[in-house]
Amino acid sequence: MVLTLTVVAANQAIPVSADALSHTQRVSAFLHLQIQQAGGWLPFSTWMHHVLYAPGLGYYAAGNTKLAETPNTSTTALSGDFVTAPQLTPLFGQTLARQVSEILRQTDTLDVLEFGAGSGALAHDLLSALHAEGLNVRYNILEVSGDLRQRQQQRLAAWGDRVSWLETLPTHFAGCVVGNELLDAMPVELFAWSDQGEVLERGVVSSDSGFAFLDKPASPKLADAVRSRMPALPCYTSEVNLQAEAWIRDLGRWLTRGAALLIDYGFPRHEYYHPQRQRGTLMCHIQHRTHDDVFLAPGLQDITAHVDFTAIADAAQQSGLDVLGYTSQARFLLNTGLPQLLETYAQQQLEHPDPKDRAQTYAAVQKLISEAEMGELFKVIALGRGIQAPLNGFSQSDRTGQLDAQRAPPV
Ligand SMILES: C[S@@+](CC[C@H](N)C(=O)[O-])C[C@H]1O[C@@H](n2cnc3c(N)ncnc32)[C@H](O)[C@@H]1O
């Protein structure tokens, strides 16, 4: 049976099944219990962690489809809630493989480690492209979602023991690390500036209608983090991703030689905490609709925040890593040879025409590089140790200079 759920924020009706409805009720009951056990108030980051990752309940930890399997065409219904670059076209992974191979050659290793591999599409495309180049890589995956890990194991079964799954962070690793839309999936701290210039931490409480926000004076750690990022702006709300920064500092401990390529949507700090972005960057995805009502249907929708790439670069430098490059996704893909790969694809199409695949591929490439779609909003940052820069992907239009923390947001 399909019932109708209404997304008030986006004023759109979202149909959900009776099973999905009872799932979100179970997730809500769990969240209310967590709030009660914490004394009536949960930091937003803890709430977001549960709503995304609580075992068997959270958005990434239950059996829902999440990532769309089918490329976007006018004739095919999209499954899941959102599409990521690897889901759009294998050309994304094939292009990224060129950068991965440069890093592997520089480190003289054959080890790749992907974090948050989603459906396994990127792993498959990287493995195929690197093997075609004669690089018989050992592909490691660290995935926090048991459900997605199973999906990856099915998708990558043909690669046998070339692929392994890690349970915990490595103690040492030399090679290439990859993470596409990893950092945006980490729980964030929410803050608000009071009228008096005090930093408040936004938490979640139970309310008659479900969940509501309640602000409290921020801990010294969060208040310091906010004050070091932006001037006081009354009624301004945004996020700080302390978990992502800690993850980067860890990377600095275990990445002994090599580089991490992290691809995500976000901005340098002066754009992130821009006075006009006064409601922050939290976004929800459900059935390919985007809105900002984080309390809608817990467990049925993804919740993400954009990445402050200045914070990522700072955390990397604090842990001894070099920022090897930072640029837009479009520029990175053009630098690493997407046009040449597209030309090869066009040749293949002349020999074996497949109009449907051709239409999907060109639409996907347009989406990946168009400034109005993913090309400009998504960025690629490379962090590493013992690597000679510039890497190919940043050979033109490297924007590392924009990550300077001293560039204060305009007031
Ligand atoms: C938005 S999805 C992106 C999936 C995939 N990379 C793609 O591009 O299609 C985020 C992924 O990161 C995983 N994830 C989140 N935090 C993680 C962490 N700390 N370590 C490893 N995986 C993580 C999620 O389970 C999920 O697979």
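Miscellaneous remarks
- Just one residue in the set Gln154, Gln150, Gln196 is within 14 Å of the ligand (Cβ to nearest atom), out of contact with any Leu (no Cβ under 9 Å at 6 or more places or on another chain) and not hydroxyl-bearing (Ser, Thr, Tyr); that residue is Gln150.
- Helices (runs of 4 or more DSSP H) lying entirely in region 216-273 (those with 1 or more residues that are among the hydrophobic types (A, V, I, L, M, F, W, C) and modelled with pLDDT of 95 or more): 220-227, 242-254
- For the condition surrounded by fewer than 21 Cβ atoms within 10 Å (Cβ to Cβ) and more than 27 Å from Phe92 (Cα to Cα), Arg279 qualifies.
- Single unsatisfied condition, Gln276 versus (1) outside any helix (DSSP H, G or I); (2) in contact (Cβ under 8 Å) with a residue 12 or more places away in the chain: (2)
- Among residues of region 297-311 that are away from the ligand (no atom under 16 Å from the Cβ), those with a Cβ under 7 angstrom from a residue that is aromatic (Phe, Trp, Tyr), sequence gap 6+ or separate chain, pair up as Asp308/Tyr272; Phe309/Phe267; Phe309/Tyr326.
- Gly160 closer than 27 Å to Gly93 by Cα, modelled with pLDDT of 95 or more and surrounded by fewer than 18 Cβ atoms within 10 Å (Cβ to Cβ): yes
- Which listed residue is within 21 Å of the chain's Cα centre (by Cα) and part of a helix (DSSP H, G or I), from Leu350, Leu333, Leu342: Leu333
- Residue within region 328-338 that is among the charged types (D, E, K, R), touching a His at 6+ places or on another chain (Cβ under 6 Å) and either buried (at least 21 other Cβ atoms within 10 Å of the Cβ) or modelled with pLDDT under 95 (or both) present: no
- Segments classed as strands (runs of 3 or more DSSP E), wholly inside region 120-203, with at least 2 members that are touching a residue at least 60 places away in the same chain (Cβ under 8 Å): 173-180, 189-193
- The sole residue among Ile303, Ile263 that is farther than 19 Å from Leu190 by Cβ and of a type in the set (Val, Ile, Thr) is Ile263.
Residue-wise test of (1) outside any helix (DSSP H, G or I); (2) over 23 Å from Ala212 (Cβ atoms); (3) at pLDDT below 95; (4) away from the ligand (no atom under 16 Å from the Cβ).
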residue: Ala13; (1), (2), (3), (4): yes, yes, yes, yes
residue: Val16; (1), (2), (3), (4): yes, no, yes, yes
residue: Asp19; (1), (2), (3), (4): no, yes, yes, yes
residue: Arg26; (1), (2), (3), (4): no, no, no, yes
residue: Leu31; (1), (2), (3), (4): no, no, no, yes
residue: Thr46; (1), (2), (3), (4): no, no, no, no
residue: His50; (1), (2), (3), (4): no, no, no, no
residue: Gly56; (1), (2), (3), (4): yes, yes, yes, no
residue: Ala61; (1), (2), (3), (4): yes, yes, yes, no
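- Complete set of residues in region 157-168 that are within 12 Å of the ligand (Cβ to nearest atom) and either in contact with an Asp or Glu (Cβ under 6 Å, 6 or more places away or on another chain) or among the β-branched types (Val, Ile, Thr) (or both): Thr168
The values are calculated or read from the model by the stated rules, or taken from the named source; none is laboratory data. Note that the structure is a prediction, hence the values are computed from the model and not measured. In this analysis, Cβ positions are derived from the backbone assuming ideal geometry, glycine residues included, and neighbour counts consider all displayed protein chains.
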